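One structure is given below, encoded as structure tokens.
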Amino acid sequence: MKQKGLLIYVLICFSSMYFSACDNIKPAEEKKKADNSLKKPAKVINSDTHFKTENLETNSPISLESAVKDTNVIIYRQENIGKLVTLSTSISNPMVCGISLQNNSKNNLLAMISSEAVTSSNSYLLIDFDNDIFTNTDYYYTNGMAVSVILPAFQHFGFTNTLPGLGKNSINYYKIGVRQNMYTGINPETITIDYGDRPFSGVLYLEFSKISNQFEQKTRLSTSIQTGVLGSISLASSLQSGLHDLHPIGWNYQIHNDLIINFSTTIEKGIISTKKFEINAGATGRIGTLNTDISAYAMMRIGKFIPYFKSLSTAKKGTAEYFEENKMQYWISIQLGQQFVFYNATLNGGLFVKDSPYTLTYNDLHHNITQFKAGLNFFYKQNGIMLNFVHIGPEFMKGRYHRWGGISLIRNF
């Protein structure tokens with residue numbers, strides 16, 4: 001009887017273990033379906049996207065808000081350019097990258113994704129052209145040209161990776177560009193030096209920039225390093241001579257060649273922001289062998305536009321900065337500012353070479369300069385054109401008020 005009882009006891013134990021194990025195993029068909037869903041690769045529409053959510057069953061992109069409610073979703077985050085890392089194959093999973101999502105999955109997931117600074121996957125080509133011919137003048141700041149490119153890969157190039165940003169929750173843009181400016185006196189055909197007038201000078205420099213946006217805080221930090229040359233090797237005199245039938249004699253007395261190394265930073269903050277009206281304030285500081293000055297300004301925008309701190313006026317669908325379907329944008333901008341100048345190499349001469357034929361001294365400068373800028377801006381899809389009018393006060397004691405016009409083209413490619 002004891003052996004029979006023991007045998008019955010052992011059978012009961014094995015039966016209990018078997019049925020317990022079976023409870024934890026899915027039916028073959030359900031298990032196969034689950035395995036297939038996990039193995040099915042998610043279709044990546046844009047490998048440079050900051051983060052992306054997709055439904056595994058349909059391979060269709062969905063919003064992050066919907067993703068946190070769906071259990072059949074895969075979420076990506078960009079760790080490096082062109083490299084995507086899976087965060088989770090199911091929001092129902094109580095642990096995502098070590099962060100508990102049991103009680104408040106939506107808020108924790110959103111915080112986890114947005115807590116780090118990221119590089120924008122948008123790329124831009126920018127072309128700027130300034131000339132006082134647009135305002136029927138031909139002196140002082142008479143011409144300026146710049147070509148710039150913004151690419152995610154530039155975060156690893158040159159000086160850009162050393163520039164500061166806004167840190168957590170920010171989206172960063174990295175830009176490299178080249179600019180040439182030319183400055184003349186009132187009479188380019190003068191055969192002698194016009195003492196008391198503006199010196200002739202030209203600059204050519206390469207610029208490395210970082211633009212850091214924080215949309216929630218309505219803040220933008222732009223920093224840049226310029227390195228280049230001042231003087232005849234900037235080719236400013238050669239360019240203007242090529243555009244005129246007669247060689248402007250005044251370039252014979254231009255400021256001599258010197259080295260340009262300059263650093264600038266601009267901080268901007270949103271004051272009022274609605275769908276069709278914005279007021280932002282900003283401050284800029286520059287220091288170096290080209291310009292040393294500080295300035296502050298207020299800017300107003302009226303029209304139909306993407307919020308200023310959301311993107312650089314245009315962002316491709318599916319990227320982190322994309323706001324809403326808004327094919328057409330147009331707005332008027334007005335900016336009023338005040339600048340205090342300590343040093344300007346195009347007036348005072350270079351910092352290292354002191355034998356230029358003619359320069360102005362620190363006491364010859366107007367140190368407080370009022371600046372006014374107005375613009376008409378038009379964007380269609382990923383293309384934009386910006387028309388600017390600039391008016392500034394006299395830069396030196398015997399100087400005049402000056403104005404010029406500008407055209408800027410932007411293409412999000």
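The values are calculated or read from the model by the stated rules, or taken from the named source; none is laboratory data. A quick note: this is a predicted structure, and the numbers were derived from the prediction, not measured. As a convention, Cβ positions derive from the backbone with ideal geometry for all residues, glycine included, and neighbour counts pool all protein chains shown.
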Revision key, fill the gap. Of those in the stretch 294-342 that are farther than 22 Å from K218 by Cβ and at pLDDT below 95, the residue surrounded by the most Cβ atoms within 10 Å (Cβ to Cβ) is K316
**Study point:** Where K398 falls short, out of the listed (1) farther than 18 Å from S201 by Cβ; (2) modelled with pLDDT under 95
**Key:** (1)
Practice item. Could you tell me whether S264 is touching a residue at least 24 places away in the same chain (Cβ under 8 Å) and either farther than 21 Å from V203 by Cα or not assigned by TED's automatic domain parsing to the domain that holds E324 (or both)? Key: no
Review point. Among G285, G228, which is the only one that is farther than 21 Å from M145 by Cβ and at pLDDT 95 or above?
Key: G285
Point to revise | Of all residues making up the stretch 343-382, the number that are charged (D, E, K, R), farther than 28 Å from I407 by Cα and surrounded by 15 or more Cβ atoms within 10 Å (Cβ to Cβ) | key: 1
Practice item. Mind telling me which of the residues I249, I176 ends up being more than 15 Å from the chain's Cα centre (by Cα) and either crowded, with 19+ Cβ neighbours inside 10 Å or β-branched (V, I, T) (or both)? Key: I249
Check your understanding: Would it be correct to say that I287 is farther than 29 Å from S123 by Cβ, among the hydrophobic types (A, V, I, L, M, F, W, C) and surrounded by fewer than 20 Cβ atoms within 10 Å (Cβ to Cβ)?
Key -> yes
**Study point:** Odd one out for N169 among (1) out of contact with any Gly (no Cβ under 9 Å at 6 or more places or on another chain); (2) assigned to a strand (DSSP E or B)
**Key:** (2)
Review point. Of (1) outside any strand (DSSP E or B); (2) under 30 Å from N326 (Cβ atoms), I407 satisfies all except one. Which?
Key: (1)
Check your understanding: If you take the residues in the stretch 195-218 that are more than 30 Å from D258 (Cα to Cα) and touching a Phe, Trp or Tyr at 6+ places or on another chain (Cβ under 6 Å), which one is modelled with the lowest pLDDT?
Key -> F215
Practice item. Restrict the check to the stretch 336-359 and report whether at least one residue is aliphatic (A, V, I, L, M) and farther than 25 Å from A236 by Cα. Key: yes
Revision key, fill the gap. Here the qualifying pairs (Cβ atoms under 8 Å; residues six or more apart or on different chains; first in the stretch 339-360 and under 18 Å from G196 (Cα atoms) and outside the structural domain of T266 (by TED's automatic domain parsing); second surrounded by fewer than 18 Cβ atoms within 10 Å (Cβ to Cβ) and modelled with pLDDT of 95 or more) come out as none
Review point. Quick one: how many residues across the stretch 114-134 are modelled with pLDDT of 95 or more and charged (D, E, K, R)?
Key: 2
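If we scan the stretch 181-191, do we find a residue that is part of a strand (DSSP E or B), within 12 Å of the chain's Cα centre (by Cα) and surrounded by 20 or more Cβ atoms within 10 Å (Cβ to Cβ)?
The initial filter retains those residues of the stretch 181-191 that are part of a strand (DSSP E or B), namely 181-184.
From what is left, the residues that are within 12 Å of the chain's Cα centre (by Cα) are none.
Among the residues of the stretch 181-191, not one is part of a strand (DSSP E or B), within 12 Å of the chain's Cα centre (by Cα) and surrounded by 20 or more Cβ atoms within 10 Å (Cβ to Cβ), which makes the answer no.
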